[in-house]
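Rule-based calculations on the coordinates, nothing more; no lab input. As the structure is a computational prediction, the values presented were derived from the model and not from experiment. Here the Cβ is made from the backbone with ideal geometry for all residues, glycine too, and neighbour counts use every protein chain on show.
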């Protein structure tokens with residue numbers, strides 16, 4: 001290898017490093033909590049969930065999320081520690097008369113789901129058991145918890161990945177609900 005070949009070879013790591021710096025620089029300041037969803041502004045997927053065994057609530061399906069106002073769909077599990085953290089916000093939402101909350105119990109034994117809701121309270125109008133995670137896949141769930149806002153036409157207008165926090169509740173979820181209802185945030 002000649003002198004110019006060695007120089008070119010020495011410059012390869014420098015070029016790779018420069019490329020990486022460029023990629024990282026373009027990502028600075030990006031909202032890392034935003035996870036794109038192909039379902040935003042799309043109708044809810046076709047699904048049907050049976051009730052959680054022994055829970056005195058019906059399961060639900062696509063048809064239950066269409067019409068008659070705004071719905072919140074929350075994906076939760078008893079084994080999910082962040083689900084416990086966000087639960088007070090769901091209980092607060094359950095006090096409202098202008099929305100209904102539906103729960104997708106994700107890959108969770110019925111006994112555990114019942115104990116979780118008995119301990120923390122039940123904000124849900126209906127809870128469906130997604131034991132095989134198939135419905136979660138249809139909804140594009142990355143993990144639990146996740147929360148969706150569905151407008152009266154059955155269109156998903158908002159998705160929140162991760163636990164609802166005080167900040168996300170006030171700054172993102174409540175405005176998304178207000179927008180879906182047709183009120184000014």
Exercise. What percent antiparallel are the DSSP beta bridges of region 42-181, to the nearest 5?
Worked result: 55
Exercise. Share of Cα-Cα pairs in region 42-181 beyond 23 Å, in percent?
Worked result: 24
Exercise. What ranking, highest mean first, results for peptides 95-102, 172-179 when packing means the other Cβ atoms within 10 Å averaged over each residue?
Worked result: 172-179, 95-102
Seminar exercise, completed: For region 37-119 the mean separation of alpha carbon contacts under 8 Å (6+ apart) over residue count, i.e. relative contact order in percent, is 31
For this session: Please give, to one decimal in nm, the separation of the simple spin-label points placed at residue 39 and residue 96, each 7 Å out from Cα toward the Cβ.
Result: 1.9
For this session: Place the peptides 74-80, 106-112 in order of packing, highest mean first, counting for every residue the other Cβ atoms within 10 Å and averaging per peptide.
Result: 74-80, 106-112
For this session: Would you work out the relative contact order for region 42-181, in percent, from Cα pairs under 8 angstrom that are 6 or more residues apart?
Result: 33
Exercise. Using the per-residue mean of other Cβ atoms lying within 10 Å as a proxy for protection, in what order, highest first, do the peptides 121-129, 159-167 fall?
Worked result: 121-129, 159-167
Seminar exercise, completed: When 86, 119 are ranked with the fewest other C-beta atoms within 10 Å first, the list becomes 119, 86
